[in-house]
Amino acid sequence: MTITKAEELDGLKVIGRIVANTMHAMARALEPGMTTRELDEIGRALLEAEGAEPAPEAVYDFPGATCISVNEEIAHGIPGDRVIAAGDLVNIDVSASKDGYFADNGASFRVGPVTPALDRLCRDGKRAMQIGINQVAAGKPLAGIGRAIERFAEAREYTLIRNLASHGVGRSLHEYPEEIPTWATTGDRRRITKGLVLTVEPFLSTGGMFASEGRDGWTLFSEPRAAVVQYEHTVVATQRGSIVVTVPG
């Protein structure tokens, strides 16, 4: 989507606030002993209370209102009977629509104390996302997002999952540009246009390179197996930089 009118930005900010509030409320509810289905039910209730429709369910017939991935699961985890334990790493990805506008955000959360290496990975995953967001502005190269993130990842001795990319969003959950690499690429001459709506969502890892699909047809795992975090915002490109719309309020 490309924003051309103030009311479009307003609509996007509304759903951005809703999904951000939902994700952060789910994170606050996280505690050992609860199931991922119970956590998803909290998210569903919050979205419904705001008149928003869970996007994975509506668009892809995903079996849940939100995606909840625990430890070895790195994305698209199906809410179910899995019990969350102390020391787990839980990724919560919330996307939804309201009044024809879509927003998408996610983050990885620690359940109680975790190892220093995992704590560092979480902090650096959030930094990697922000470094990518800093490259978003009208006229700048789209590939600049991935180049900046990979420079940071290599300097900190991390890898990036290379078949899970950022994407356009706004009028649908995934739209042009449908794949925006969060790693360095060559030959991509696309430029960021004013008003472009996109996600920035690097998957930072301690050794993983690719995501592979599990037996359920949804849940993704790191190959080779390694810890992975994901942080994601929906942003709008402007002449001066970007507007992050997935902020709680």
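Name the strands (runs of 3 or more DSSP E) wholly inside region 190-234 in which the number of residues that are small (Gly, Ala, Ser) and over 14 Å from Ser108 (Cα atoms) is 2 or more.
Correct list: 210-213.
Residues are listed down the side, and each one gets a yes or a no for (1) crowded, with 18+ Cβ neighbours inside 10 Å; (2) in contact (Cβ under 8 Å) with a residue 24 or more places away in the chain; (3) β-branched (Val, Ile, Thr):
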position: Gly64; (1), (2), (3): yes, yes, no
position: Cys67; (1), (2), (3): yes, yes, no
position: Ala75; (1), (2), (3): yes, yes, no
position: Ile84; (1), (2), (3): yes, yes, yes
position: Gly87; (1), (2), (3): no, yes, no
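What do you reckon, is Asp99 within 30 Å of Asp61 (Cβ to Cβ), over 16 Å from the mean Cα position of the chain (by Cα) and not basic (Lys, Arg)?
Yes; evaluated as a whole, the condition is true for this residue.
Pairing each residue of region 144-158 that is of a type outside the set (Phe, Trp, Tyr) with any residue that is assigned to a helix (DSSP H, G or I), provided the two are 6+ apart or on different chains, yields C-beta distances under 7 Å for Ile145/Gly132; Ala148/Ile131; Ala148/Gly132; Ile149/Ala128; Ile149/Ile131; Ile149/Gly132; Ala153/Ala128; Arg156/Asp124. Note on region 175-188: residues that are touching a residue at least 40 places away in the same chain (Cβ under 8 Å) and either touching a strand residue (DSSP E or B) at 6+ places or on another chain (Cβ under 7 Å) or under 13 Å from Glu201 (Cβ atoms) (or both) total 2.
Quick note: the coordinates plus some simple rules give every number you see, no bench work behind them. None of these values were measured; they are calculated from a predicted model. Methodologically, a virtual Cβ is constructed for each residue, glycine included, from the backbone with ideal geometry; neighbour enumeration extends over all protein chains shown.
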